[in-house]
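Q: Submitted below is the structure of interest, expressed as structure tokens.
The values are calculated or read from the model by the stated rules, or taken from the named source; none is laboratory data. Remember, it's a predicted structure, so these values are computed and weren't measured experimentally. Here the Cβ positions follow ideal geometry from the backbone for every residue, glycine too, while neighbour counts run over all protein chains shown.
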């Protein structure tokens with residue numbers, strides 16, 4: 001007996017790492033960054049439609065494994081992601097991820113994708129989207145403290161969206177800084193490698209901290225931060241892991257994605273439960289102010305939230321049709337008679 005061929009509903013689109021990289025180059029990195037920013041802004045403006053919950057996290061001494069689910073009532077999405085700072089010492093990625101979109105009306109998945117590369121883009125796009133609304137006007141210089149896997153993506157997004165041209169780099173591992181210098185060489189940036197964090201932030205209107213160590217740390221002390229800057233605190237976040245001295249938070253207007261998650265994982269875990277923050281969706285919706293003065297210190301306590309991944313997967317879904325850069329996976333058992341799954345199995349004996 002010949003096994004029945006899968007129905008059209010059995011297949012979902014799958015985007016491999018290879019095809020993701022081809023798609024990024026087909027679209028262009030900076031164009032893709034601006035496209036992602038548009039989708040993230042759109043979803044932040046309809047924030048109240050989404051299911052929202054802190055990510056489901058499994059913590060260990062080595063790192064964290066998380067699931068990040070959400071839905072807008074029509075489409076459901078989730079991302080699996082890990083964060084293991086020790087991995088680089090073993091030649092492994094700190095962060096790996098994959099994600100899925102499904103129809104709410106039937107529950108059928110429609111897209112499965114790698115998200116290690118896509119998360120790198122959406123993290124940078126989120127930073128740039130926030131800086132677009134909070135950074136000083138005409139900010140052109142950014143300090144990048146922590147020069148790991150996210151650094152170049154941050155630079156590309158900040159240039160595409162905010163016009164950043166000058167980068168000042170610092171990492172405790174000079175090899176990481178040299179890697180960024182190599183990767184960004186010839187791409188039109190004015191790049192300076194710095195010997196200390198203090199040197200890196202000289203003249204910077206945007207300060208991005210992007211370190212990965214799973215511990216309380218003070219990458220920036222209060223005396224290092226002057227007025228009129230935007231701080232983009234996005235290092236890999238979890239309970240017990242911070243980058244900024246709490247006195248910086250006291251002097252700043254702090255903006256977050258989803259407070260119940262950020263109070264567990266972000267810089268504000270150092271602060272009292274009633275420490276005032278502004279949610280970014282409120283700024284984009286016109287319900288709360290962003291930057292209000294030249295001397296104001298704005299601080300984005302970014303930990304990453306499921307709606308941003310939903311936006312990235314939605315953008316990917318919409319760009320796939322014309323690209324052809326996907327495979328069809330036979331992943332859904334879809335018998336002709338939905339009550340006869342066993343019969344479908346029996347007919348597959350061959």
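Q: Where in region 124-210 are the helices (runs of 4 or more DSSP H), entirely inside, with at least 2 residues that are assigned by TED's automatic domain parsing to the domain that holds residue 235, more than 21 Å from the chain's Cα centre (by Cα) and closer than 19 Å to residue 267 by Cβ?
A: 197-200
Q: Could I ask something else about it? Restricting to region 71-92, name every residue that is in contact with a helix residue (DSSP H, G or I) (Cβ under 8 Å, 6 or more places away or on another chain) and loosely packed, with under 15 Cβ neighbours inside 10 Å.
A: 73
Q: Taking region 49-70 as the search range and keeping residues that are without any contact (Cβ under 8 Å) to a residue 60 or more places away in the chain and not in a loop (DSSP other than H, G, I, E, B), which one is surrounded by the most Cβ atoms within 10 Å (Cβ to Cβ)?
A: 66
So that you can scan it fast, the table gives a plain yes or no per residue for (1) over 25 Å from residue 287 (Cβ atoms); (2) touching a strand residue (DSSP E or B) at 6+ places or on another chain (Cβ under 9 Å):
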position	(1), (2)
13	yes, yes
37	no, no
42	no, no
62	yes, no
80	yes, yes
87	yes, no
98	yes, yes
107	yes, yes
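Q: So, in region 263-277, how many residues would count as being under 19 Å from the mean Cα position of the chain (by Cα) and not in a loop (DSSP other than H, G, I, E, B)?
A: Residues meeting the conditions: 5.
Q: Which numbered condition in (1) assigned to a strand (DSSP E or B); (2) touching a helix residue (DSSP H, G or I) at 6+ places or on another chain (Cβ under 8 Å); (3) closer than 28 Å to residue 212 by Cα is the only one that residue 34 fails?
A: All conditions pass for residue 34, except number (1).
Q: Where residues in region 181-204 are under 20 Å from residue 32 (Cβ atoms) and in contact with a helix residue (DSSP H, G or I) (Cβ under 7 Å, 6 or more places away or on another chain), which of them is surrounded by the most Cβ atoms within 10 Å (Cβ to Cβ)?
A: My answer is 189.
Q: Do you know which residues across region 135-166 are farther than 17 Å from residue 31 by Cβ and surrounded by fewer than 23 Cβ atoms within 10 Å (Cβ to Cβ)?
A: Matches in region 135-166: 136, 137, 138, 139, 140, 141, 148, 149, 165, 166.
Q: Return the total of residues in region 288-338 being without any contact (Cβ under 8 Å) to a residue 60 or more places away in the chain, out of contact with any strand residue (DSSP E or B) (no Cβ under 9 Å at 6 or more places or on another chain) and either surrounded by 17 or more Cβ atoms within 10 Å (Cβ to Cβ) or part of a loop (DSSP other than H, G, I, E, B) (or both).
A: 5
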